[in-house]
Amino acid sequence: MVRLLLVGGKGGVGKTTISGATAVWAAQNGFKTLLISSDPAHSISDSFEQKIGDKPTSIQGINNLDGLEIDLKREMKEIEPLLKQALNEPFEKLGVTGFDFYSGDLMFPGLDEALAFNKLITYVENPEYDFVIFDTAPTGHTLRFLSLPELLDSWLLKLLKFRSTIQKIASLFSGKKDTTIEELEKLSRRVKHTRRLLADSQITSFMFVCIPEAMAVLETKRALHILQDYRITAHSLVVNNIYPEECDCKMCSSRRKIQKKYLNRLNEEFPSLTIAKVPLFEEEVKGIPMLEKISQLLYGLKQENAQLPLDLSSAVTFDETGEKHIIRISLPAADKADLQLRGEKNNLKLVINGIDYQIPLPFTLREENIEAEFQPNYLVINISKK
Ligand SMILES: Nc1ncnc2c1ncn2[C@@H]1O[C@H](COP(=O)(O)OP(=O)(O)OP(=O)(O)O)[C@@H](O)[C@H]1O
Ligand SMILES: [Mg+2]
């Protein structure tokens, strides 16, 4: 992934609609895009009017676009056994059996969300996507979500300390690989990677969505302060549901007046944000043609008349000379120690923090011909043609 966009704002202001429109624009301009939501209401499915699952699902009607609705409860179940084992195993080795020292949410408040974050990391690290958009739940919830890498990191650190202390005291695992520690370390590295990605303003940005009313000013101000604490940069504010100029009935004229007052205030209060406006539509805002229409209002047709800049690039690029193929993979904020590379005929297998990703190649390779060089934020792979 090259860019991560977090979309936040109060309930019902149009986050899913604006996230969807942004995803449509990016995909239609040739960038492999993943739109993620953790909303149990399956909002992406509703917005695109098609079923999207809890695995990346290709969105029909738009090339290059996958959707994913994370199921928080299920993600928690996936990783819970590792935490359980990390706590209980040392006691079992000491002969203390029949107890469960793991007490889930009591021990780690907010555990379910933290573990869902684990899933998000997998997709954010995935070199297959150029652009990942995370359509978040309403503001308060989103901002709590941002504290999860820190929380998860501190729990993992405690668990790791606990495991290694027990290990030293009892010398129980001498000579044997402690696979639980390995797993915890892998997870901890992935969480750290995500923290680095979130804090890097070249990669991650935050987009607010609001409607022009008194609450929007307060809410945006509050959220900006909190984002600063997490070192996350907000670039843009989309003001949605603006009464169109065309209608001069009493109600629309009066509403427009009120909205103008708050729009002016938003402009004054947030000079560092690029502010885009989306009108209130009379038709239902659902389905690809409507999302396409909003995408063009925001980002323009081929970026002409764009209200918002969207600076995207491809995560994987292929080049060749007479002697070699050159593949450049964008791996922002990755650590060399987190990576492993293998070649398999028409595939490069990249292992990032213990998770496999496949990069299909337009040619067949022999492993002995591969030479990789890690540069900050990039892996450059030279494959000799001989
Ligand atoms: N500009 C608009 N004009 C008319 N209707 C709109 C507009 N933007 C969004 N809507 C409609 O408003 C409703 C709420 O929008 P949306 O689901 O995008 O909000 P949300 O912020 O994601 O909500 P939630 O907080 O529940 O996730 C939807 O029915 C959507 O179709
Ligand atoms: Mg939504």
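In whole angstrom, note down how far apart the Cα centers of the range 328-386 and the range 265-321 are.
Centre-to-centre distance over Cα atoms comes out at 32 Å.
I need the shape label for the chain. Rule: rounded when a/c is under 1.5, else prolate if a/b > b/c, else oblate, with a, b, c from the alpha carbon gyration tensor.
On the way: a/c = 2.34, a/b = 1.40, b/c = 1.67.
Cα axes put the chain in the oblate bin.
Mind checking the dipole of the chain: about its Cα centre, +1 per Lys or Arg Cβ, -1 per Asp or Glu Cβ, Debye to the nearest 20?
640
Compute, for the range 316-384, the length of the dipole vector about the Cα centre, with Cβ point charges of +1 (Lys, Arg) and -1 (Asp, Glu) only. Units Debye, rounded to 20.
Charge dipole of the range 316-384: 120 debye, to the nearest 20.
Shape verdict for the range 250-386, please, from the Cα gyration tensor: rounded (a/c under 1.5), prolate (a/b greater than b/c) or oblate.
Because a/c hits 1.5 or more and a/b exceeds b/c, the range 250-386 counts as prolate.
According to the square roots a ≥ b ≥ c of the eigenvalues of the Cα gyration tensor, what is the shape class of the range 174-279, taking rounded for a/c under 1.5, prolate for a/b larger than b/c otherwise, and oblate for the remainder?
prolate
For the chain, modelled as a GNM with alpha-carbon contacts under 10 angstrom, which of Leu361, Leu298, Leu151 fluctuates the most?
Of Leu361, Leu298, Leu151, the Gaussian network model singles out Leu361 as fluctuating most.
Skip the ligands, DNA and RNA, and give the accessible area per residue of the chain with a 1.4 Å probe, whole Å². List each step's numbers first, then the result.
Working: 18790 Å² over 386 residues.
With the other protein chains kept in place, the chain gives 49 Å² per residue.
Which pairs, out of Lys257/Lys286; Lys51/Lys192; Lys15/Lys261; Lys32/Lys349; Lys51/Lys119, put more than 26 Å between their alpha-carbon atoms? Present the calculation step by step, with values, prior to reporting the outcome.
Details: Lys257/Lys286 28 Å; Lys51/Lys192 33 Å; Lys15/Lys261 22 Å; Lys32/Lys349 19 Å; Lys51/Lys119 20 Å.
Among Lys257/Lys286; Lys51/Lys192; Lys15/Lys261; Lys32/Lys349; Lys51/Lys119, the Cα-Cα distance tops 26 Å for Lys257/Lys286; Lys51/Lys192.
Which net charge results for the neighbourhood of Glu269, defined as the other residues with beta-carbon distances under 13 angstrom from its beta-carbon, given Lys and Arg at +1 and Asp and Glu at -1?
Once all neighbours under 13 Å are counted, the net charge is +2.
From the residues Asn353, Pro90, Pro332, which one has its Cα farthest along the dipole of the chain in the positive direction, the dipole being from +1 and -1 charges on Cβ of Lys/Arg and Asp/Glu about the Cα centre?
Farthest along the dipole direction, towards plus: Pro90.
Run through the DSSP bridge list for the chain and note the antiparallel percent, rounded to the nearest 5.
The antiparallel proportion sits near 50 percent.
Taking all protein chains in place and a 1.4 Å probe, what share, in percent, of the accessible surface of the range 316-384 do carbon and sulfur account for?
The value for the range 316-384 is 45 percent carbon and sulfur by accessible area.
If you take all C-alpha pairs in the range 1-91, what percent of them are over 17 Å apart? Kindly include the intermediate steps, with their values, before the conclusion.
Details: 2263 of 4095 pairs.
Tail of P(r) above 17 Å: 55 percent of Cα pairs.
For the range 227-291, which trypsin sites (Lys or Arg not before Pro) pass both filters: DSSP loop (anything but H, G, I, E, B) and at most 14 other C-beta atoms within 10 Å?
Counting only loop positions with at most 14 other Cβ atoms within 10 Å, the trypsin sites (Lys or Arg not before Pro) in the range 227-291 are Arg231, Lys286.
Summing Lys, Arg as +1 and Asp, Glu as -1, what charge do residues with Cβ under 11 Å from the Cβ of Cys249 carry, Cys249 excluded?
+1
Which order do Cys252, Cys247 take when ranked by solvent-accessible area (1.4 Å probe, heavy atoms of all protein chains), largest first?
Putting Cys252, Cys247 in descending order of accessible area: Cys247, Cys252.
Could you grab the relative contact order for the chain? Cα pairs under 8 Å, six or more apart, rounded to a whole percent.
Relative contact order for the chain comes out at 20 percent.
The values are calculated or read from the model by the stated rules, or taken from the named source; none is laboratory data. Please read all numbers here as calculations on a predicted model, not as lab measurements. Neighbour counts are summed over all protein chains in view; Cβ atoms, including those assigned to glycine, are modelled from backbone coordinates with ideal geometry. Note: accessible area is taken over every heavy atom of the protein model, side chains too, but ligands, DNA and RNA are not part of it. Shrake-Rupley method; radii C 1.70, N 1.55, O 1.52, S 1.80 Å.
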